[in-house]
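Student: Please read through the structure below; I'll follow up with questions.
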Amino acid sequence: MTQPSRVPAQDRSKRTRQRIIETSASVLERKGYAATSLDEIAVEMGMSRGVLYHHFRSKAVLTEAVVQSHYERWDELTSRVRERGLPPLLRIITLTYEVARNSQIDPVVRAGLRMQLEHAIIEGDLGHALATPYVKWIEHLTVIVADGQASGEIIREVAADELASNLVESYFGIQYVSFRLCNGVDLLGRVNRWWNILLPAIATPTWLVANQEPAAQRGR
């Protein structure tokens with residue numbers, strides 16, 4: 001009789017670690033770093049404190065893992081959108097809507113956003129800096145903007161890196177306002193309004209004529 005296969009210990013450890021990160025993200029997003037304790041996370045998971053400490057020796061180390069997982073979500077997202085083969089400007093629009101949707105529903109993403117605001121306390125406990133936010137987004141969009149300029153979709157009057165930086169700064173500013181005022185409930189509407197104002201300024205006339213549907217439909 002065939003014996004049921006067992007999950008290797010290393011795989012079980014990885015799954016447990018990921019489950020801890022996701023549960024912790026929900027608590028951190030809800031309560032903030034200062035008000036969260038490892039004991040509380042252990043209780044919420046039905047896990048002993050010893051098991052939790054086996055994976056993460058401190059709250060700061062666990063929070064850093066949540067933040068890193070937040071960034072990994074963006075790496076996965078940019079890869080998925082790239083695989084769709086969209087033209088440059090539509091790719092940028094789609095990325096912003098997908099970021100907004102994930103920011104509304106994914107607790108790891110939401111926790112990562114909140115932890116960026118509390119980075120000074122976390123870094124003090126860690127003894128080193130968290131990964132710098134936004135830089136990878138600027139680098140990623142710089143390449144796409146340059147492609148859009150080369151293909152005649154995006155105006156050339158602004159340097160690609162400057163436009164990419166402005167896109168990142170303005171998007172995450174909009175996101176911050178939405179979460180500060182209504183916990184992100186109206187984020188997609190704000191992003192839609194932003195694109196309807198922004199597109200006539202950065203898209204070429206040729207692109208605008210060929211793409212007259214509302215921004216929200218383009219970003220699906």
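What follows draws every value from the coordinates through simple rules; no lab data is involved. Worth saying up front: this structure is predicted, and the values here are computed from it rather than measured. Cβ atoms come from the backbone with ideal geometry, glycine included; neighbour counts cover every protein chain shown.
Student: Mind checking which aspartates and glutamates have their Cα closer than 18 Å to the Cα of residue 136? Skip sequence neighbours fewer than 8 apart in that chain.
Tutor: Counting by Cα, and skipping residues close in sequence, residue 136 has these aspartates and glutamates nearby: 64, 72, 75, 76, 98, 147, 161, 162, 169.
Student: Cross-link partners among lysines for residue 59, C-alpha distance below 18 Å, same-chain residues fewer than 8 apart left out?
Tutor: Cross-link targets: 31.
Student: I need to check one value: relative contact order of the chain, counting alpha carbon pairs closer than 8 Å and at least 6 residues apart, in percent.
Tutor: About 22 percent, as a whole number.
Student: Same structure again: Please find the FRET efficiency linking residue 72 to residue 169, where r is the Cβ-Cβ separation and R0 is fixed at 22 Å, and quote it to the nearest 0.05.
Tutor: Rounded to the nearest 0.05, the efficiency is 0.45.
Student: Can you give the FRET efficiency to the nearest 0.05 for residue 161 and residue 212, using r as the Cβ-Cβ distance and R₀ = 35 Å?
Tutor: Result of the calculation: an efficiency of 0.75.
Student: As an exercise, identify the trypsin sites (Lys or Arg not before Pro) in region 1-94 lying in DSSP coil whose Cβ has no more than 15 other Cβ atoms within 10 Å.
Tutor: 6, 57, 84
Student: So, one more: Per DSSP helix of 4 or more residues, -39500 (n - 2.57); summed, then divided by the residues of the chain. What does that give at 222 nm, rounded to the nearest 500?
Tutor: -24000 deg cm²/dmol
Student: Now for a different question. In the P(r) worked out for region 60-218, what percent of Cα pairs fall beyond 20 Å?
Tutor: 53
Student: If you don't mind, another one. Roughly how many whole Å is it from the C-alpha centroid of region 7-71 to that of region 151-192?
Tutor: After rounding, the separation between the Cα centres reads 32 Å.
Student: Looking at the chain, do any whole DSSP H helices span at least 24 angstrom along their long axis by alpha carbon and average -0.5 or above on Kyte-Doolittle, and which?
Tutor: Membrane-span-like by this criterion, though nothing is claimed about a membrane: 88-105, 160-182.
Student: Right, here's the next one. Assuming 0.36 nm per residue, please report the length gained on full extension of the stretch residue 132 to residue 193 beyond their Cα-Cα distance.
Tutor: 19.1 nm
Student: Give, to the nearest whole percent, the P(r) tail of region 1-100 beyond 16 angstrom, counting all Cα pairs.
Tutor: Here the long-distance tail beyond 16 Å is 65 percent of all Cα pairs in region 1-100.
Student: Same structure again: Against the empirical 2.2 N^0.38 Å scaling, what ratio does the C-alpha Rg of region 138-209 come to?
Tutor: It is 1.20.
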